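Engineer: Okay, here's the structure, questions in a sec.
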Amino acid sequence: MGHYMARVRRLHGAGPRADPAASHLVRTLRPLITFSGCVLVVACLYWGQAILIPIALAILIAFLLGPIVGALRPVSLPQTPAVLVVVILAVSVAGGLGGPSPIKSRL
């Protein structure tokens, strides 16, 4: 039985009698394939940044506002009104921070 398994391994390219030229080719091309994969990932991230950045910001804002919505739930406020209240407050605060200030208007 052992002799049969060794023969099967040799036929399928496994074991000590595998083709040394193919093994050398794989070792030679592995850094090139890894580098090409990294370049492809960076290129996809660069071209997709117009879509990926807003998605990342939305996820970040959802994580930041989630605990506030959770705090409003025990106050007998259902999920949808709690989300609406928190989003309206967050937009109001963001608008207030980004609006014109009296110091800037005098300059």
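Engineer: List every residue pair whose Cβ atoms sit under 7 Å apart, with the two residues 6 or more apart in sequence or on different chains, where the first one lies in segment 19-47 and is modelled with pLDDT under 90 and the second, anywhere, is surrounded by 10 or more Cβ atoms within 10 Å (Cβ to Cβ).
Structural biologist: Asp19/Gly13
Engineer: If you don't mind, another one. Which pairs turn up if I take residues in segment 50-79 that are under 14 Å from Ala90 (Cα atoms) and look for partners that are part of a helix (DSSP H, G or I) and not charged (D, E, K, R) with beta carbon separation below 7 Å, at least 6 apart in sequence or on another chain?
Structural biologist: Leu65/Val86; Leu65/Ala90; Ile68/Val86; Val69/Ala82; Val69/Val83; Val69/Val86
Engineer: Scan segment 65-80 for residues that are surrounded by 11 or more Cβ atoms within 10 Å (Cβ to Cβ) and at pLDDT 90 or above and jot them down.
Structural biologist: Of everything in segment 65-80, those that are surrounded by 11 or more Cβ atoms within 10 Å (Cβ to Cβ) and at pLDDT 90 or above turn out to be Leu65, Gly66, Ile68, Val69, Gly70, Ala71.
The values are calculated or read from the model by the stated rules, or taken from the named source; none is laboratory data. Here the structure is a predicted model, which means the values were calculated and not measured. Backbone-built Cβ (ideal geometry, glycine too); neighbour counts: all protein chains shown.
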